[in-house]
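One structure is given here, and the rest of the page talks about it.
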Amino acid sequence: MPNRKIKVSIIIPVYNVEKYLEKCIQSVTTQTLKEIEIFLVDDGSSDESWNIIQKFAKLDKRIIAIQQKNAGAAVARNRGLELA
């Protein structure tokens, strides 16, 4: 994000939550604080979660899309933390 200082990093582990994911992402992206980065870490989902993540990442430059093999929520959170 040019000319903006990141104030908050949000890490969201994602695993087979296509039913809820769009609402979650919309909730985070419409907050009043705009100086955020959002790490969406797909932990090997077998549903449409990764496609949803990619769609939103194209629409909002604050979203960083990450895909990994299934390793659990803790590993997904730590991956986001490493990149934050």
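No value in this document is a laboratory result; all are computed from the given coordinates. As the structure is a prediction and not an experimental result, all values here were calculated from the model. So basically every Cβ, Gly included, is an ideal-geometry build from the backbone, and we count neighbours across all protein chains shown.
Leu81 to Lys58: FRET efficiency via 1/(1 + (r/R0)^6), r the Cβ-Cβ distance, R0 30 Å, to the nearest 0.05?
Efficiency at R0 = 30 Å is approximately 0.80.
Kindly express, to the nearest 10 degrees and within the range 0 to 90, the angle between helix 18-29's C-alpha long axis and the longest C-alpha principal axis of the chain. The answer is roughly 10 degrees.
Restriction of the GluC sites (Glu not before Pro) in the chain to DSSP coil positions whose beta-carbon has at most 12 other beta-carbons within 10 angstrom yields Glu35. Between the Cα long axis of helix 73-83 and the first principal axis of the chain there is an angle of about 40°, rounded to the nearest 10.
Note on Gln31/Ala74: beta-carbon distance plugged into 1/(1 + (r/R0)^6) with R0 of 35 Å gives a FRET efficiency of 0.90.
Our analysis of segment 1-62 gives Rg over Rh at 0.98, with the two radii drawn from alpha carbon positions and Rh computed by the Kirkwood formula.
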